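The values are calculated or read from the model by the stated rules, or taken from the named source; none is laboratory data. Remember, it's a predicted structure, so these values are computed and weren't measured experimentally. Here Cβ is always computed from backbone atoms with ideal geometry, including for glycine, and neighbour counts include all displayed protein chains. SASA here: full protein model, heavy atoms, side chains in, ligands and nucleic acids out. Shrake-Rupley method; radii C 1.70, N 1.55, O 1.52, S 1.80 Å.
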Amino acid sequence: MTVYIPSPPSPLLLQERGLGGEVFQRLKISLRPFYLSLFFFLGFLSPLHAQYDDAGLWTTINIEKKLKNNFRIFLTEEFRLRENFSEINLFYTDVGVGYRPYSFLKLDLSYRMTEKKLITDFYSIRHRLMLDITLKKKYGNFDLAYRHRLQREVRNINSSENGRNPEWYSRNKFTAKYDTDKKYTPYVSCEFRYQIDDPRNMESDQTWHRARFVAGLEYELNKKNTFGLYYLIQHEWNVSLPEKLYIIGLEYSLTL
């Protein structure tokens, strides 16, 4: 049931309607405690919705092996720093298989194990499955891509009552690269995450609650070795403690 609380009449509106002089003064004095209470109440609530800002470093190594019939296998290792580059955030390892049935379509299925450091200095172990569907299209010098990722994750399955209850997310990423006909390729991307179900954060179920915006540069040393540098900004909303992250990313990719 929704309860509607009527807002107090505006003193300016009362003046416009002819309630001036002594009546207006009495009303203005009587409303003063209300406005003071409202001021302190909003001041108390503001920390509950405060945003946490942080800067970090993400470093990634990708190794990919092409197989027959448009299949490939890949391995990814990533290490992240947080708290203004001063503390370990997490490590993760991805292993997966990809298939490209058409030039414009790519399918990837992968498993990720994450070790995320907690404030207690213990590590939370997380297991994630990901299914990626990527569509690509070239317009002139621009390479456009859309990737949808469906992910399922469990965490602390041997040390938490809810550990075996999975989290489900849908992630939608748009990327635009510009082909310079040289060794370097600039790009921008944005990703929006939708929370399908999370037993530990049910207040955000069925909502969009995170976005990432990236600008980066790839440098192809040769056909096998590629280096990358990017800057990422992450926003959160519809969560109890939203974060805003500023990330510098370094990448290296090896194709075998």
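Please go through segment 87-105 and pick out each residue that is farther than 17 Å from Ile63 by Cα and open to solvent by less than 80 Å² (accessible area, probe 1.4 Å). Please lay out each step first, then the result.
Of all residues in segment 87-105, those farther than 17 Å from Ile63 by Cα come to 87-90, 100-105.
Of everything in segment 87-105, those that are farther than 17 Å from Ile63 by Cα and open to solvent by less than 80 Å² (accessible area, probe 1.4 Å) turn out to be Ile88, Asn89, Leu90, Pro101, Leu105.
Only one of (1) at pLDDT below 95; (2) open to solvent by less than 40 Å² (accessible area, probe 1.4 Å); (3) under 15 Å from the mean Cα position of the chain (by Cα) is not met by Leu241, so which one is it?
It is condition (2) that Leu241 fails.
Please go through segment 50-107 and give me each residue that is touching a Phe, Trp or Tyr at 6+ places or on another chain (Cβ under 8 Å) and among the acidic types (Asp, Glu), ordered by number.
The answer is Asp53, Asp54, Glu64, Glu77, Glu78, Asp94.
Could you list, in sequence order, all residues of segment 67-93 that are of a type outside the set (Lys, Arg), closer than 16 Å to Thr255 by Cβ and assigned to a strand (DSSP E or B)?
Within segment 67-93, the subset of a type outside the set (Lys, Arg) is 67, 69-71, 73-79, 81, 83-93.
Right, trim to closer than 16 Å to Thr255 by Cβ and you get 67, 70-71, 73-77.
Answer for segment 67-93, where residues must be of a type outside the set (Lys, Arg), closer than 16 Å to Thr255 by Cβ and assigned to a strand (DSSP E or B): Phe71, Ile73, Phe74, Leu75, Thr76, Glu77.
Would you pick out the residues in segment 178-226 that are surrounded by 13 or more Cβ atoms within 10 Å (Cβ to Cβ) and among the basic types (Lys, Arg)?
Arg193, Arg210, Arg212
Quick one: count up the residues across segment 169-183 that are within 25 Å of Gly98 (Cα to Cα) and over 14 Å from the mean Cα position of the chain (by Cα). Before you say what the answer is, go through the steps one by one.
Start the filter on segment 169-183 by keeping residues that are within 25 Å of Gly98 (Cα to Cα), which leaves 169-179.
If we keep only those that are over 14 Å from the mean Cα position of the chain (by Cα) too, we end up with 175-179.
Of the residues in segment 169-183, 5 are within 25 Å of Gly98 (Cα to Cα) and over 14 Å from the mean Cα position of the chain (by Cα).
Filtering segment 123-150 down to residues that are among the hydroxyl-bearing types (Ser, Thr, Tyr) and open to solvent by 80 Å² or more (accessible area, probe 1.4 Å), which residue is nearest to Asn172 (Cα to Cα)? Walk me through it before giving the result.
Going through segment 123-150, the residues among the hydroxyl-bearing types (Ser, Thr, Tyr) turn out to be 123-124, 134, 139, 146.
From what is left, the residues that are open to solvent by 80 Å² or more (accessible area, probe 1.4 Å) are 123, 139.
Numbers: Tyr123: 28, Tyr139: 21 Å.
The selected residue is Tyr139.
Select from segment 151-174 the residues that are among the polar types (S, T, N, Q) and open to solvent by 30 Å² or more (accessible area, probe 1.4 Å) and write down the one among them that is farthest from Tyr123 (Cα to Cα). Can you show your working first?
Here is the first cut: in segment 151-174, the residues among the polar types (S, T, N, Q) are 151, 156, 158-160, 162, 165, 170, 172.
Pick out the ones that are also open to solvent by 30 Å² or more (accessible area, probe 1.4 Å) and you get 156, 158-160, 162, 165.
Numbers: Asn156: 9, Asn158: 13, Ser159: 11, Ser160: 13, Asn162: 17, Asn165: 19 Å.
Applying the filter and picking the extreme gives Asn165.
Specify which of the listed residues (Asn84, Asn70) is among the polar types (S, T, N, Q), open to solvent by 40 Å² or more (accessible area, probe 1.4 Å) and within 21 Å of the chain's Cα centre (by Cα).
On the way: Asn70 fails: within 21 Å of the chain's Cα centre (by Cα).
From the options Asn84, Asn70, the qualifying one is Asn84.
Give the residues of segment 106-122 that are open to solvent by less than 60 Å² (accessible area, probe 1.4 Å) and of a type in the set (S, T, N, Q), sorted by residue number.
Selection gives Ser110, Thr114.
Out of (1) under 22 Å from the mean Cα position of the chain (by Cα); (2) at positive phi; (3) small (Gly, Ala, Ser), what's the single condition that is false for Gly140?
Condition not satisfied by Gly140: (1).
Kindly list, by first and then second residue, each pair from a residue in segment 118-134 that is of a type in the set (Phe, Trp, Tyr) to a residue that is open to solvent by less than 60 Å² (accessible area, probe 1.4 Å), limited to pairs with Cβ atoms under 6 Å and residues at least 6 apart or on different chains.
Close Cβ pairs (under 6 Å, with a partner that is open to solvent by less than 60 Å² (accessible area, probe 1.4 Å)) amount to Tyr123/Lys117.
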